[in-house]
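Taking it in order: structure first as structure tokens, then the write-up.
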Amino acid sequence: MRQGLVIATLLAALLTPVVGRAEVNFEADRPRVFSIQERPYRLRHEFQLGLGVMPLDAFYVGVTAQAGYTFHFTDFWAWEIAAGTYSMNFDTALTGNLNDKYGVVPVREGGERIKAFATTGVVVKPLFGKLALLNSDVVLSETFFVAGLGPMLKGEYKRPTGVLGVGFRFWSGPMLSWRLDIRDYLIFSTWKPENSLSIMLSGAFNYREADTAVAP
């Protein structure tokens, strides 16, 4: 009789922590619910004006002005129908230093300079989110990618050009947003392309028909 009582007591002691652990695991295994909010601002006709810089050439820096129009088919992709850019070029100190130190003057001021170009391309917009600004304001943002082509006036010659880029958009409201575009232009003066980097900050005005809505 005593042996049976002892065995029952031992079994109860062994089973107690097992039951306790099962309850803890049950709490951890509760289903989690995720909520994804639709984009509150929907783009359609986007008109863009921007200022930027082309800093890669050693002999000059291009200060650029750009105007563009983009049609947004969906939240995911769009067509940048036209983006035209003019570059105002300023000499760097390299030309003067070469002349002062070595008596050398670069041929054609260091090579052909970019004067203007125009591109058209596809825009893909896979990322959208919210950023907390100083833990007080929420900023809506979007990351997009661009691939396109077009002509470029480099020196006195027109060159075929491809473009690849990434951009970041920050909304001020449903009709106004701000963009930071970083683009790499592949200029085919020969079969081996040259690279020219463009960094541009621009404002974008969005016009959408009557179905424009701000999501709650």
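Extension gain for Ala67 to Glu156 (0.36 nm times residue separation, less C-alpha to C-alpha distance): 29.8 nm. Across the stretch 43-49, rounded Karplus estimates of 3J(HN,Hα) from the backbone phi angles (6.51 cos²θ - 1.76 cosθ + 1.60, θ = phi - 60°) give 8, 9, 9, 10, 10, 10, 10 Hz, Gly and Pro being marked x. Once you divide the Cα radius of gyration of the stretch 45-207 by 2.2 N^0.38 Å, the number left is 1.19.
Values in this text are rule-based calculations from the coordinates and carry no lab data. On a predicted model such as this, the values are computed, not experimentally measured, just so you know.
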